[in-house]
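Accompanying notes for the structure given below.
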Amino acid sequence: MLLLVVPCGNNTMGAETETKEKHGEETPRPTPTTLTQDQFLSWKRHKDAAESARKAEASRKRAEDIAAGTVQMNGRELFLHEPWVFDDSRF
């Protein structure tokens, strides 16, 4: 049996990394930004409005593409636009 040991770039052992962390040699963490409830609610309303506008635009474009016949309809869209396809009374 052949055992191959490949050295990695970091030659420190576990005890050495623990001592570095204790002495504060790690990268400093960014200070958290305080956020009031009003600021959060304002941000949330803006985010929800942007999301609903994006969805409305995608829906409008999809409806235009279906009307033009450039995209294939899924089952729900086919049922809504051409319900006669699903009429089993003729068969």
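The table that follows gives values for the structure above.
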| quantity | calculated |
| --- | --- |
| Rounded accessible area of Phe86 (nearest 10 Å², 1.4 Å probe) | 90 Å² |
| Fraction of accessible area attributable to carbon and sulfur, region 36-91 (%, probe 1.4 Å) | 57 percent |
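The values are calculated or read from the model by the stated rules, or taken from the named source; none is laboratory data. These figures come from a predicted structure and were not determined experimentally. SASA here: full protein model, heavy atoms, side chains in, ligands and nucleic acids out. Shrake-Rupley method; radii C 1.70, N 1.55, O 1.52, S 1.80 Å.
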